[in-house]
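Have a look at the structure that comes next, please.
The values are calculated or read from the model by the stated rules, or taken from the named source; none is laboratory data. As the structure is a prediction and not an experimental result, all values here were calculated from the model. Here the Cβ positions follow ideal geometry from the backbone for every residue, glycine too, while neighbour counts run over all protein chains shown. Please note that ligands, DNA and RNA were not included when accessible areas were found on the heavy atoms of the full protein model with its side chains. Shrake-Rupley method; radii C 1.70, N 1.55, O 1.52, S 1.80 Å.
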Amino acid sequence: MARPKRPPHPMLAVARNHLQQLDEGLHEQPIHLRMLDGPPGAPRYAVYVGACERAGPCPYGVENQYPCPVLDCELRHSLRLLLDRDGELVEVLRSGVRWTA
C-alpha cells in the first residue's frame, strides 16, 4: 500500500503571499524553501525564487534554463526572502545570484 502524500509546508503559502506583494513576475515560479538553524530571533526560513529572463539563446551556452549552472548571471531575476518562525519578512534580497547552489 502506498504511503499518503504529505501536505505542503504551511510556510509555502505564506511565502507565496509575500511574493505576490513583492514581485508579480516571480509569484508563479517554483519556490525553494529551506529551514534555517540559528539563535532565537534569527530568521527561521529562507525562500528562493528565480527566473531566467533571456529572450533568445543563452550567452553562456546553457541549453536548459533550470537549473542554470551559471551562479551569477545578469539575465537571472531572483528573490531571497528570510522569514521568521511566524512568517514575517525579516529581509528581502534581490539579485541575479542563484542562492541554492
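Report, as a whole number in µm² per second, the diffusion coefficient that Stokes-Einstein gives for region 5-66 at 25 °C and 0.890 mPa s using the Kirkwood radius over alpha carbon pairs. List each step's numbers first, then the result.
On the way: Rh = 14.1 Å.
So the translational diffusion coefficient is about 174 µm²/s.
For the chain, set up a Gaussian network in which alpha carbons nearer than 10 Å are linked by springs, and say which option among ALA42, ALA13, ALA55 fluctuates the most.
Ranking ALA42, ALA13, ALA55 by mean-square fluctuation puts ALA55 first.
Excluding ligands and nucleic acids, what accessible area in Å² is computed for ARG54 using a 1.4 Å probe, to the nearest 10?
In the full protein context, ARG54 sits at about 50 Å².
How much length would be gained if the chain were fully extended between VAL97 and GLU53, taking 0.36 nm per residue of separation minus their Cα-Cα distance, in nm to one decimal? Walk me through the intermediate numbers first.
On the way: separation 44, 0.36 × 44 = 15.84 nm, distance 1.34 nm.
That pair, VAL97 and GLU53, stretches by 14.5 nm at full extension.
What is the distance, in nm, between label points placed 7 Å from the Cα along the Cα-to-Cβ direction at ASN17 and at VAL70?
Each label point lies 7 Å from its Cα, and together they span 3.7 nm.
To continue, here is another question. What angle do you read, to the nearest 10 degrees and between 0 and 90, between the alpha-carbon axis of helix 10-22 and the longest principal axis of the chain?
50 degrees
I've got another one for you. As a test of reading the structure, rank MET11, MET1 by solvent-accessible area (1.4 Å probe, protein chains only), most first. Don't skip to the answer; put the middle values down first.
Working: MET11 15, MET1 235 Å².
The residues order as MET1, MET11, largest area first.
In percent, how large is the relative contact order of region 10-94, given Cα pairs closer than 8 Å and 6 or more residues apart? Walk me through the numbers before you get to the answer.
Numbers: 113 pairs, mean separation 23.3, N = 85.
Relative contact order, region 10-94: 27 percent.
Per-residue ellipticity at 222 nm for the chain, helices alone: DSSP H runs ≥ 4 residues times -39500 (n - 2.57), over residue total, nearest 500 deg cm²/dmol?
Details: 1 runs with 13 residues, N = 101.
The helix contribution divided over the chain gives -4000 deg cm²/dmol.
A further question follows. On the full set of protein chains, 1.4 Å probe, figure out the accessible area of HIS77 and give it in Å² to the nearest 10.
HIS77 has an accessible surface of roughly 50 Å² with all protein chains in place.
Oh, and also: Between MET35 and ALA2, what is 0.36 nm times their sequence separation minus the Cα-Cα distance? Round to one decimal in nm. Let's see the in-between values first.
Working: separation 33, 0.36 × 33 = 11.88 nm, distance 2.72 nm.
9.2 nm is the gain from fully extending MET35 to ALA2.
Okay, moving on. What figure, in Å² to the nearest 10, do you get for the accessible area of GLU88 with a 1.4 Å probe and non-protein molecules left out?
It works out to around 110 Å².
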